[in-house]
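Worksheet: one structure, shown below.
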Ligand code: KMT
Ligand code: NI
């Protein structure tokens, strides 16, 4: 994984948009975002068991594998939050998860094979494929997943205030 501030340009979401300003794992952790790299799926199984994730699926996102690719990508890229954590383990390809930091700047997490990312409930984020137009990812979920995307603004949701409380020093 490589994390950096997004350059702020709205042109082609699939380009890198690296501002050149790196973001460390510690800075991500302050946002409640956890990044791991697991070379074997048994490590993923262990993390899933620890956090009570009983279900999973695999999604392949590419123009040939995903019907209506362009409109799906546009949807993934609209800024939203969820009432549950979002856990993704990258099996192949690469893609970008953008998360808002404390001052509402976009931090771009570039994920590759073996990377696992946990986004806390209530954080504003978005996803896009890169210019490779290909990612295969495992999505972990709990027995009754609440992963409906709520598009910003949804600052009046309880999960949003709970998130902000959890990250305030
Ligand atoms: C999401 O929540 O935006 C996604 O799950 C995107 C696909 S996972 C690479
Ligand atoms: Ni999401």
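Just one of the listed residues (76, 141, 127) is surrounded by fewer than 21 Cβ atoms within 10 Å (Cβ to Cβ), within 11 Å of ligand 1 (Cβ to nearest atom) and without any contact (Cβ under 8 Å) to a residue 60 or more places away in the chain, namely 76. Could you run through segment 143-158 and say how many residues are within 16 Å of residue 48 (Cα to Cα) and not in a loop (DSSP other than H, G, I, E, B)? Number of matching residues: 0.
Residues checked against (1) surrounded by fewer than 14 Cβ atoms within 10 Å (Cβ to Cβ); (2) without any contact (Cβ under 8 Å) to a residue 40 or more places away in the chain; (3) farther than 17 Å from residue 13 by Cα; (4) away from ligand 2 (no atom under 13 Å from the Cβ):
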| residue | (1), (2), (3), (4) |
| --- | --- |
| 71 | yes, yes, no, yes |
| 82 | no, no, yes, no |
| 87 | no, no, yes, no |
| 97 | no, yes, no, no |
| 103 | yes, yes, yes, yes |
| 106 | no, no, no, yes |
| 112 | no, no, yes, yes |
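Among residues that are in contact with a strand residue (DSSP E or B) (Cβ under 7 Å, 6 or more places away or on another chain) and under 24 Å from residue 40 (Cα atoms), residue 157 is not included. Just checking, which of 136, 146, 165 is at pLDDT below 95 and either surrounded by fewer than 16 Cβ atoms within 10 Å (Cβ to Cβ) or away from ligand 2 (no atom under 14 Å from the Cβ) (or both)? 146 is the lone residue from the list that is at pLDDT below 95 and either surrounded by fewer than 16 Cβ atoms within 10 Å (Cβ to Cβ) or away from ligand 2 (no atom under 14 Å from the Cβ) (or both).
Residues that are part of a loop (DSSP other than H, G, I, E, B), away from ligand 2 (no atom under 16 Å from the Cβ) and modelled with pLDDT of 95 or more: does segment 42-63 have at least one?
Checked segment 42-63: at least one residue is part of a loop (DSSP other than H, G, I, E, B), away from ligand 2 (no atom under 16 Å from the Cβ) and modelled with pLDDT of 95 or more.
Residues that are over 28 Å from residue 169 (Cα atoms) and without any contact (Cβ under 8 Å) to a residue 60 or more places away in the chain: does segment 22-41 have at least one? Yes - at least one qualifying residue is present in segment 22-41.
The values are calculated or read from the model by the stated rules, or taken from the named source; none is laboratory data. What you see is a predicted model; the values in this text were computed from it and never measured. Cβ sites come from the backbone with ideal geometry, for glycine too, and all protein chains shown count toward neighbours.
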